[in-house]
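Participant: The structure is given below, and queries will be raised subsequently.
A short reminder: the numbers here are calculations on the coordinates, not readings from a lab. Quick caveat: nothing in here was measured; it's all calculated off a predicted structure. Heads up, the Cβs are rebuilt from the backbone with ideal geometry, glycines too, and the neighbour counts pull from every protein chain shown.
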Amino acid sequence: MGAWGNGNLENDGTQDLIADQSDELFSLVIKLMKSPVAAEYDEYDHDLLFFTIEKIVALANHGLINSAPPSHKIEPLIAPFMKHWTEYHQSAGHDIPVERKAVIEHSFVELLVVAKNACSGSFGHRISLISAKMNQQ
């Protein structure tokens, strides 16, 4: 294990922890996106899905996402999710809440951006972080 600074996150062990947490969060999102229940706006899994996406985006904004599946593993899940979400609203006799739909779609776009910016191989990403930091010294 190595460290390249005095900060709490500037060591291999912490970067491994960040990668593990990143992988767990993305795994949960993928699992929930595949679940028809998560597309139902009045279910706990729906709230958990979007809370987890918000958590991923917030962590990424602070440099705390260093591993993600390739975006092409997430992108194909969006259309079926939105289709079920729309059908669930219609089956309940509700109009589609256009503003909520836009927020959901934006959340998925943000998730894809994070996935694209994070390295799908966490080891490679950590090595690049270490190399970049060492080159600054």
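Participant: Quick one: putting +1 on the C-beta of Lys and Arg, -1 on the C-beta of Asp and Glu, what dipole do you get for the range 12-132 around its Cα centre, in Debye to the nearest 20?
Facilitator: On the way: 9 positive and 17 negative charges, 81 e Å.
My answer is approximately 380 debye.
Participant: Please turn the phi angles of the range 78-84 into ³J(HN,Hα) values with the Karplus equation 6.51 cos²θ - 1.76 cosθ + 1.60 (θ = phi - 60°), one per residue in order, whole Hz, x for glycine and proline.
Facilitator: 5, 4, x, 4, 5, 4, 5
Participant: If the chain between Ile30 and Ser71 were fully stretched, how many nm would it gain, using 0.36 nm times the residue separation less the Cα-Cα distance?
Facilitator: Working: separation 41, 0.36 × 41 = 14.76 nm, distance 1.10 nm.
Result for the pair: 13.7 nm of gain on full extension.
Participant: Which order do Thr52, Thr86, Thr14 fall in if you start with the one that has the fewest other Cβ atoms within 10 Å?
Facilitator: Thr86, Thr14, Thr52
Participant: Sticking with this one: Run the quick spin-label model on Asp12 and Leu48: label points 7 Å from Cα toward the beta carbon, then report their separation in nm to one decimal.
Facilitator: With each label placed 7 Å out from Cα toward Cβ, I get 3.5 nm.
Participant: Could I ask something else about it? Can you compute the charge dipole magnitude of the range 52-116 about its Cα centre, using +1 on each Lys and Arg Cβ and -1 on each Asp and Glu Cβ, nothing else charged? Give it in debye, rounded to the nearest 20.
Facilitator: Numbers: 6 positive and 7 negative charges, 42 e Å.
For this selection, approximately 200 debye.
Participant: Now for a different question. What is the extension gain from His62 to Gln90, computed as 0.36 nm multiplied by their sequence separation minus the C-alpha to C-alpha distance, in nm to one decimal? Spell out each step's value before the answer.
Facilitator: Numbers: separation 28, 0.36 × 28 = 10.08 nm, distance 3.85 nm.
6.2 nm is the gain from fully extending His62 to Gln90.
Participant: When the Karplus curve 6.51 cos²θ - 1.76 cosθ + 1.60 is applied with θ = phi - 60°, which whole-Hz ³J(HN,Hα) does each residue of the range 58-64 get, with x for Gly and Pro?
Facilitator: Values, residue by residue: 5, 5, 4, 5, 10, x, 10 Hz.
Participant: Gain in length, Lys55 to His106, computed as 0.36 nm per residue apart minus the alpha-carbon separation, to one decimal in nm?
Facilitator: On the way: separation 51, 0.36 × 51 = 18.36 nm, distance 1.45 nm.
Extra length available between Lys55 and His106 comes to 16.9 nm.
Participant: When semi-axes √(5λ) of the Cα gyration tensor in Å is calculated directly from the model, which label among (i) 21, 17, 15; (ii) 35, 12, 12; (iii) 32, 14, 13 fits?
Facilitator: From the options (i) 21, 17, 15; (ii) 35, 12, 12; (iii) 32, 14, 13, the structure gives (ii).
Participant: Still on this structure: Would you kindly state the longest site-free stretch of the chain, with sites defined as GluC sites (Glu not before Pro) in a DSSP loop (not H, G, I, E, B) surrounded by at most 16 other Cβ atoms within 10 Å?
Facilitator: Details: sites that count: Glu10, Glu43.
Here the longest segment lacking exposed loop sites spans 44-137.
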